[in-house]
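Down below is the structure, laid out as C-alpha cells.
The values are calculated or read from the model by the stated rules, or taken from the named source; none is laboratory data. Here the structure is a predicted model, which is why all the values come from computation and not from measurement. FYI the Cβ positions are ideal-geometry reconstructions off the backbone, even for glycines, and counts take in every protein chain you see. All accessible areas refer to the heavy atoms of the entire protein, side chains included, with ligands and DNA or RNA removed. Shrake-Rupley method; radii C 1.70, N 1.55, O 1.52, S 1.80 Å.
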Amino acid sequence: MRRRTLIQSLVSWISIQGSRLRAQSTSFPGRHETTLKELAATVLPESLGRAGTDAVAIKFVRWVQEYRVGAEMQTGYGTTRVRYKPASPAGIYLKQLDELSLGALAANGLAARRRKIGEALQAANIEDLPMVPAGAHIASDLMSFYFQSTEANDKAYMAAIGKDQCRTLKNSGTVPTALREETLNASLRK
C-alpha cells in the first residue's frame, strides 16, 4: 500500500467516525423534547414563566448538541494542567429523561414533581450544583446551565451586568444599567 493511499484511507475513516459522534449527540433530545421542557418548568425559577423555561431548555439542547468530546477545557488560574472534555452526556441524559417521564414528572402537582426530582438527585449523590454541566444528572446539569448563565446573573441583580461578556477598561467602572422584567424575559428567548 502506498503512503498516500494509507493517509487518504485514514483521513476518510476519521471523518466518518467524527460524523458518527456528531450524529449521536445531535439526536438529543429526540422524542423527549416535551419531557425536557417539563423538567425545566419544574426545576427552574417560576418567575421565568413557561416561555422562559422552555427557552432555557432549547438553549440546553443546543449546548448538548454542540458538545465536543476531547475539546480542550479552560485551565484554572495558576493551573498548568490541560484538561479535555469527557464523553458526551447525551446518552445518560436520554436514559434519565426516560426515567423522569415515567416517575418524577408523572407526579401531579409542582411540589410533588420537585420532591421526586430531589429524591432522584439524592439517589445520584448530588449535593451541589456543578460550575458547568458535568453529566451526573440532567436535572442538576440543567439547573447549573441556567444558574451559571449571564441571563440568570442579570436577573438576580436586575441589572445588565453581562457576567461573561467582555467590557473595555474604559467602561469597567460604569454601574450596570437597571433592567426591567420584560427586558430579562426577552433576553432569555434569544
### Task
Could you check how much of the accessible area of the range 55-190 is carbon and sulfur, as a whole percent, using a 1.4 Å probe?
54 percent
### Task
Please state the charge dipole magnitude for the range 50-139, taken about the Cα centre, from unit charges on C-beta atoms (+1 on K and R, -1 on D and E), reported in debye and rounded to the nearest 20.
140 debye
### Query
Charges only on Cβ, +1 for Lys and Arg, -1 for Asp and Glu: so what's the dipole of the range 71-190 about the Cα centre, in debye to the nearest 20?
240 debye
### Task
Answer with one residue from 129, 174, 105: the one whose Cα lies farthest towards the positive end of the charge dipole of the range 100-174, charges on Cβ with Lys, Arg +1 and Asp, Glu -1.
174
### Query
Got a number for the accessible area of residue 137? Probe 1.4 Å, square angstrom, nearest 10.
10 Å²
### Inter-label distance for residue 115 and residue 148, nm, one decimal - labels placed 7 Å from Cα along Cα-to-Cβ
3.1 nm
#### Entry: Accessible-area ranking of 141, 54, 98, 128, largest first, probe 1.4 Å
128, 98, 54, 141
### Query
Residue-wise, which Karplus ³J(HN,Hα) couplings in Hz belong to the range 67-77, taking 6.51 cos²θ - 1.76 cosθ + 1.60, θ = phi - 60°, and x for glycine or proline?
4, 10, 4, x, 5, 5, 9, 5, 8, x, 4
### Message
Just to confirm, what accessible area per residue do you get for the range 80-183 at 1.4 Å probe, in whole Å²?
### Response
65 Å²
### Task
Can you tell me the order of 118-125, 167-174, 57-64 when each peptide is scored by its average per-residue count of other Cβ atoms within 10 angstrom, highest first?
57-64, 118-125, 167-174
### Query
What residues have an amide H closer than 5 Å to that of residue 159, excluding those fewer than 5 places away on the same chain, when H is modeled at 1.01 Å from N in the peptide plane?
179
